[in-house]
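Below is one structure; the comments refer to it alone.
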Amino acid sequence: MPKIRKVILLIETSRGWSRGLLRGIAKYSRFHGPWGFYRISEFYWQPGHIRKKDELSILRSWNASGVITREMNFASELLTLGIPVIGTDADIPIPENLPYITSNYEKTGQMAAEYFLNKGFKNFAYCGFSDTTWSRERLNGFRQIIEAAGHTVQVYEKPMAKVQKLWKDESGLIANWLRSLPKPIGLMACSDDRSQHVLEASKIAGLHVPEEIAIIGTDNDELLCELSNPTLSSIAFNLEKAGYDTAKLLDQLMDGEPMAGQKIIVQPTTIVTRQSTDILAIEDAEVTAAVRYIREHAKETIQVHDVVGAISASRRSLEQRFRKILNRSILDEIKRIHIEQVAQMLIETNFSIKQISLSLGHRGTENISRYFRQFTGLSPSEFRKQYGEKK
C-alpha cells in the first residue's frame, strides 16, 4: 500500500477563491496521491485571530510532509516545522525563498476596462482599498486601458481595516460619491465583497443598477454574486488549475526540490455577465440592437448581411456608426463575440478543438484557430493549457 502523505491546509473555505484552489488540490491528490489533509477549522476562531505557539505544537504533532497556507502572518513559524511550505502573496513581507501563489492583478483590471469599453461606456469608476497591493494593482490595470482610450477613472478607496469596522458609516460616503459621478458609468470593484458594498450604496443613493451604474467585481464567488439583487457580474479565474499546480509543486518540494521562491500565478479567464452589467451604454439604438443580435447568435456562423437584415438598416450607414462608436467593423464584432464563446468552451469543457468548431457551426478548425490566435495571441491548445482546468 502506498504511503499517504500528510498535508496541512491552512486555507479558509468561506470564499469562492479558496474553494477553487482546494478543488484543484483535491483533484491532484486523487490522481497522484492519495494525500491525507489536516486542518484546524476557522469556524472556531475569532475575527483577527493570530495563531499561538500551542497551535504550532499541534501542527508539529501531525508529522506532516508539507503545508499550503493563506495565513501569511504565521508563515515564518510554519517554516520552523522543517517541511515544505507554500504561501500566498500578501501585504506583509514574504519569507525569503518561500514559494507562493499570486495573481495577475493588472490583467484583471485590464479585462474589466476592455469589457466596459466594448459595451460603449464613456464614464468609468473604481472602488477598492487603499492599503492592499492587489486592489491597487487591479486599479492600475483598469486605469491603463481606460486612459489609453482617452478617458479618465474616478476612484474611491478606503483602508480595508477601517471599512471592516465602520461599514455603516462608509455606506453613506460611497452613496454620496456615486451620486457625484457622471452617468451612465461602468464601475469596477476590487472584489466581489466590494461590489456588494457599491450595490448597497447605490440603493441608498437611489441609483439604478445597471441602468445608471454598471458594476463588475472580481473573483466570481458564485454564491456571493447570486445572493445579490440584482445579481453581480464578476471576473472568473483559473483557480482549480492553480490549485492543481500548487499541489504539483508541493509534491515536487516534498520529493526534495528546494524552495526557491517559485510562483503559481492565478490568471483571470472570463467575465461572467449577470444583471449588474447586463446593459449596453450605446446611445445609437440601431448599433445597440445590432450588438445584441450578434450576442444572441454568438454560437452561430452569422455574417454581416444577417446583422444588417435583422436591424433593417443601411449596411454602409451601420458600418460607419459601428466604426465611430465601437472603433471596429461589424465583422470584427462578430468575430470577437464568437471567439469569446470559443474561449469559454476551452476553459469549461473537455471538447476537442474540432468538437468546439462543429458545435459553433464550422466545418473545420483552420479558420477558427486563425481567428483565435489573431484575437488572443495564442492557439486554442495554448490557451487551454494556460487557462483551462486540469482534467
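Within segment 358-373, not a single residue is farther than 27 Å from Leu318 by Cα, aliphatic (A, V, I, L, M), in contact with a helix residue (DSSP H, G or I) (Cβ under 6 Å, 6 or more places away or on another chain) and part of a helix (DSSP H, G or I). Each residue in segment 157-182 was checked for being at pLDDT 95 or above and not in a helix (DSSP H, G or I), and 2 of them qualify.
How about segment 311-353: which of its residues are at negative phi and outside any helix (DSSP H, G or I)? If the condition is that a residue be at negative phi and outside any helix (DSSP H, G or I), then Ala313, Ser314, Arg328, Ser329, Thr349, Asn350, Phe351, Ser352 are the ones that fit. Within the group Ser379, Ser352, Ser329, Ser314, which residue is modelled with pLDDT of 85 or more, among the hydroxyl-bearing types (Ser, Thr, Tyr) and closer than 25 Å to Ile265 by Cβ? Going through Ser379, Ser352, Ser329, Ser314 in turn, just one is modelled with pLDDT of 85 or more, among the hydroxyl-bearing types (Ser, Thr, Tyr) and closer than 25 Å to Ile265 by Cβ: Ser379.
On inspection, His305 passes the criterion of being more than 29 Å from the chain's Cα centre (by Cα) and farther than 30 Å from Arg23 by Cβ. Against the list (1) in contact (Cβ under 8 Å) with a residue 40 or more places away in the chain; (2) under 25 Å from Thr13 (Cα atoms); (3) part of a helix (DSSP H, G or I), the condition Glu200 fails is (1).
Inspect segment 1-20 for any residue being part of a helix (DSSP H, G or I) and of a type in the set (Val, Ile, Thr) and give the result as yes or no. Among the residues of segment 1-20, not one is part of a helix (DSSP H, G or I) and of a type in the set (Val, Ile, Thr), which makes the answer no. Here is the figure for segment 374-391: residues that are without any contact (Cβ under 8 Å) to a residue 40 or more places away in the chain, part of a helix (DSSP H, G or I) and of a type outside the set (D, E, K, R) total 4.
Yes or no: Leu98 out of contact with any Phe, Trp or Tyr (no Cβ under 6 Å at 6 or more places or on another chain) and at pLDDT below 95? No.
Take Ala148 and decide whether it is outside the structural domain of Gly243 (by TED's automatic domain parsing) and in contact with a Phe, Trp or Tyr (Cβ under 8 Å, 6 or more places away or on another chain). Here the answer is no, as Ala148 does not meet what is asked.
Val272 falls short on exactly one of the conditions (1) farther than 27 Å from Leu81 by Cα; (2) touching a helix residue (DSSP H, G or I) at 6+ places or on another chain (Cβ under 7 Å), and that condition is (2). Applying the criterion of being touching a residue at least 24 places away in the same chain (Cβ under 8 Å) and among the polar types (S, T, N, Q) to the residues of segment 330-373, the residue that is farthest from Asn238 (Cα to Cα) is Ser359.
The values are calculated or read from the model by the stated rules, or taken from the named source; none is laboratory data. Here the structure is a predicted model, which is why all the values come from computation and not from measurement. Reconstructed Cβ throughout: ideal geometry from the backbone, glycine too, with neighbour counts over all protein chains shown.
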